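Before any comments, here is the structure.
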Amino acid sequence: MFVSDCLGINAKGHLTIDEKDTLELAGEYGTPLYVMSETQIRENCRKFRRSFEEHYGGNGMALYASKAFCCKAVCRIAQEEGMGLDVVSAGELYTAESIGFPAERIYFHGNNKTPEELVEALRYGVGTIVVDNITELEVLDQIAASMGKTAGIMFRVKPGVDAHTHDFIRTGQIDSKFGVALETGEAMEAVCRAAELSHVRLTGLHCHIGSQIFDIDPFEEAARVMLRFLAEVRERTGLTLSKLNLGGGFGIKYVPENDPAGLETYMGRVSAVVHGECGRLGLPIPFILIEPGRSVVGDAGITLYRVGAVKTIPGVRTYLSVDGGMTDNPRYALYQARYEALVAARAGEAKTMEVTLAGRCCESGDLIGENMLLQPAAPGDVVAVLSTGAYNYSMASNYNRVPRPPVVLVKGAESRVAVRRETLEDMISHDEL
Ligand SMILES: *Cc1c(COP(=O)(O)O)cnc(C)c1O
């Protein structure tokens, strides 16, 4: 009935997440509040695990793209569920290291890693650095040499595939800041250069075509292009690369109309392409990696707000202002992302009120959504915005010196704080006079 399996309605008619009443959570921890179902996160991880067993005989691994939501507790869950981890910065790496995440299962991404970050990655023994460009390759080889190490690497390749998604989250086309291009020969040049260097060891190739993708076609196309390139690499250099990372980007349901293809369809169709192409090209089946971020944590999270003013402009719209906004969820302001919202106390009732859910920041664009249907709401009501587990906390800011809300993890009937609420003292804690 809801966009996520962890949500329900109890006998009082209140919205629940796992077995917790969201009104009680709002009372206990205050608002605004991010709540995440640990059960749902674990179940999402397990779906990927099971799917690799079924479609690749276990010869593959899902990496959790931690940028979707990076904190110690979630890194720990990913570790316990046997996932690998994608990090894109020293901060994400530091988080992983703080819980002892196994270094060999970490993949370090980014289109402009700093030399300091490369040093950190090598020091921790990160298993694979996904090299974005030839400049980085040269720098990495020198740093590894100076540290007496050899870096395991992959190249990020632009497969030239257009994923039908928002411009800001498309990354597979030639005009992208990420990776080396196939069409121009740049990717082959990078591979050949890596083969000449003695402190990097090229183990495979990577691509990631975008985010919130509903269609399987572009994923199939990217897999086909990448496998053909693996065959070309073998022909040109004699190297048989053993790993292929097909990236993340699997779409999730934010509103009921969203119709993502689903993991089973994705895995079935893409593994058929992998097996078919490898057979045709005479390639051994590579170890397959995928990198889900949004689809691991997105539908596990909700945000609870309390309604302040309700402002009806006759013939125009009704603004419902809440005690959070773009500081905890900038995705509408960034790319008009759509969400479902409901009044937590009357979650099962008909949605008869059309509102613009407005944040509290000094920006007219600070909205959670426009033309949203809600149960009738009044000041003091708790409103839940659904599917906020990905790219909400991780994109949150302190604009207007608004403290970030806490993240509470719910598991069955238990709840605990995974990230504590920032305080006003935190707001000035880095200031100097
Ligand atoms: C962002 C990103 C992902 C995860 O994307 P989702 O849409 O959250 O699944 C995976 N790989 C790379 C390289 C990324 O940049």
Task: About the Cα centre, charge dipole magnitude for region 291-430 (Lys/Arg +1, Asp/Glu -1 at Cβ), debye - done: 100 debye
Task: Karplus-derived 3J(HN,Hα), 6.51/-1.76/1.60, for each residue of region 285-301, Hz, glycine and proline x - done: 5, x, 5, 9, 10, 10, 10, x, x, 3, 7, 8, 10, x, 7, 8, x
TODO: Provide the per-residue ³J(HN,Hα) series for region 316-330, in order, calculated from phi with Karplus coefficients 6.51, -1.76, 1.60 and θ = phi - 60°, each as a whole number of Hz, with x at glycine and proline positions.
DONE: 10, 5, 10, 8, 10, 8, 10, 7, x, x, 4, 6, 9, 8, x
Open item on the list: Taking 25 Å as the cut-off for C-alpha to C-alpha distance, list the pairs among LYS47/LYS177; LYS67/LYS158; LYS113/LYS243; LYS20/LYS351 that go past it.
Closed with: LYS47/LYS177
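Let me spell out the model: positive unit charges on the Cβ of Lys and Arg, negative unit charges on the Cβ of Asp and Glu, origin at the Cα centre of the chain. What dipole size does that give, in debye rounded to 20?
Numbers: 43 positive and 57 negative charges, 87 e Å.
Using Cβ point charges on Lys, Arg, Asp and Glu, the chain gives about 420 debye.
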- [ ] With +1 on each Lys and Arg Cβ and -1 on each Asp and Glu Cβ, and nothing else charged, work out how big the dipole of region 51-203 is about its Cα centre, in Debye to the nearest 20.
- [x] 280 debye
TODO: Select from ASN245, GLY301, GLY282 the residue farthest towards the positive end of the dipole of region 222-330; place +1 on Cβ of Lys and Arg, -1 on Cβ of Asp and Glu, and compute about the Cα centre.
DONE: GLY282
Open item on the list: Check which residues have an amide H placed less than 5 Å from ARG201's amide H, if you skip close sequence neighbours.
Closed with: ALA151, GLY152, ILE153
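Suppose we take every Cα in the chain and form the convex hull; what volume per residue is that in Å³?
Working: hull volume 65.3 nm³, N = 433.
For the chain, the hull spanned by Cα atoms encloses 151 Å³ per residue.
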Open item on the list: Please report the spacing between the Cα centers of region 284-343 and region 64-94 in Å, no decimals.
Closed with: 21 Å
Task: GluC sites (Glu not before Pro) within region 251-334: DSSP coil, no more than 12 neighbouring Cβ in 10 Å - done: GLU257
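Which helices, taking whole DSSP H runs in the chain, have alpha carbons extending 24 angstrom or more along the helix axis plus mean Kyte-Doolittle at least -0.5?
Values: long enough: 38-56 (27 Å, -1.91); 217-237 (30 Å, -0.42); 263-281 (26 Å, 0.17).
Long hydrophobic helices here: 217-237, 263-281.
Here, each number is a calculation from the coordinates, and none is a lab measurement. No experiment lies behind these values; they were computed from the predicted model shown. Because the Cβ atoms are built from the backbone with ideal geometry, glycine has one as well, and the counts that use them run over all protein chains shown.
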